[in-house]
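Notes to accompany the following structure.
The values are calculated or read from the model by the stated rules, or taken from the named source; none is laboratory data. Only a predicted model underlies this, so the values are computations on that prediction, with no experimental measurement involved. Note that we place each Cβ from the backbone using ideal geometry, even for glycine, and neighbour counts take in every protein chain shown.
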Amino acid sequence: MTANLEEKVKTYYDQFYAEKKEWLPIEAYYFFKYLKPRGRLLDVACGNGYFVLNALKYGLECYGVDISSEAIKIADKLTNGKAKFYATPAEKLPFENNFFDYVTILGSLEHFMDKEKALNEVKRVLKNDGQVLITVPNANFWGYKITGKKGTEQQDAIETLYSLEGWKELLEKNGLKVLQVDDDNSILWKFKGLKKLGLKIIWKVVPFKYTYQFMFLCKKA
């Protein structure tokens, strides 16, 4: 990981969050089914802080980090000082060992500059009985195969996609044990009516390995 790459990614996300107008509704964040209303939560690559805002309502003591100082400003204002935010990349977490009950990495691991270093940092700050929830896009998503387009809207910064097996191998190689893998179809909140119904039907019949995103629930190995 070079200083030039870090500055490039930081500049991209500062502009991204300065211009970003989209705020996800609460129904897009159904990850809370994995969490108990207690303890400390760290959201890595927290962006504008909307997940943290809802985690606060759930009763968790919340922290967030993001490489973008612009995102941190928005998140701090959104949560009205009720959470602690730090402008830092995932590869440099400013916390002591065994500090968090939960760590979330929601749709951002694919954009990290050094995924292995970041995952080892997450493992370091996670308590021995803590859990990590990670959502990542699928390189074999059926939609990519139909449209011929591949990748997310943030691929201009930095992006690496893997298959189900590839993501699982990366997590396990860096000291995490995968407890559960689920289908993340949270993108459906964007659609309405018959289009949403049609996509739900497709999601039910398409094999799991071709889904849009995966949700990995993990703990320390």
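Can you confirm whether region 64-78 contains a residue that is in a strand (DSSP E or B), more than 15 Å from the chain's Cα centre (by Cα) and not β-branched (Val, Ile, Thr)? Among the residues of region 64-78, not one is in a strand (DSSP E or B), more than 15 Å from the chain's Cα centre (by Cα) and not β-branched (Val, Ile, Thr), which makes the answer no.
Here Lys145 fulfils each of the conditions (1) farther than 23 Å from Ala221 by Cα; (2) assigned to a strand (DSSP E or B); (3) of a type in the set (Lys, Arg) apart from (2).
Only one entry of Leu119, Leu106 meets the criterion of being at pLDDT below 95 and within 18 Å of the chain's Cα centre (by Cα), and that entry is Leu106. Here region 151-185 is the region considered, the condition is being acidic (Asp, Glu) and either buried (at least 17 other Cβ atoms within 10 Å of the Cβ) or not in a helix (DSSP H, G or I) (or both), and the residue that is modelled with the highest pLDDT is Glu159.
Only one of the numbered conditions (1) β-branched (Val, Ile, Thr); (2) assigned to a strand (DSSP E or B); (3) touching an Asp or Glu at 6+ places or on another chain (Cβ under 7 Å) is not met by Ile105, and that is (3).
Answer with yes or no whether Pro37 is more than 23 Å from Gln213 (Cα to Cα), at pLDDT below 90 and not in a helix (DSSP H, G or I). Yes: the conditions hold for Pro37.
I'm trying to understand the selection: among the residues of region 40-62, which are out of contact with any helix residue (DSSP H, G or I) (no Cβ under 7 Å at 6 or more places or on another chain) and surrounded by fewer than 20 Cβ atoms within 10 Å (Cβ to Cβ)? Hits for region 40-62 are Arg40, Leu56, Lys57, Gly59, Glu61. Only one of (1) under 20 Å from Phe16 (Cβ atoms); (2) free of Cβ contacts under 8 Å to residues at least 40 places away in the same chain; (3) in a loop (DSSP other than H, G, I, E, B); (4) not aliphatic (A, V, I, L, M) is not met by Lys82, so which one is it? Going through (1) under 20 Å from Phe16 (Cβ atoms); (2) free of Cβ contacts under 8 Å to residues at least 40 places away in the same chain; (3) in a loop (DSSP other than H, G, I, E, B); (4) not aliphatic (A, V, I, L, M) one by one, Lys82 breaks only (1). Screening Ile67, Ile74 for residues that are under 19 Å from Ala118 (Cβ atoms) and not polar (S, T, N, Q) leaves exactly one candidate, Ile67. Would you check if there is a residue in region 87-101 being over 16 Å from the mean Cα position of the chain (by Cα), within 27 Å of Asp182 (Cβ to Cβ), buried (at least 22 other Cβ atoms within 10 Å of the Cβ) and among the small types (Gly, Ala, Ser)? Looking for residues that are over 16 Å from the mean Cα position of the chain (by Cα), within 27 Å of Asp182 (Cβ to Cβ), buried (at least 22 other Cβ atoms within 10 Å of the Cβ) and among the small types (Gly, Ala, Ser), one finds none in region 87-101, hence no.
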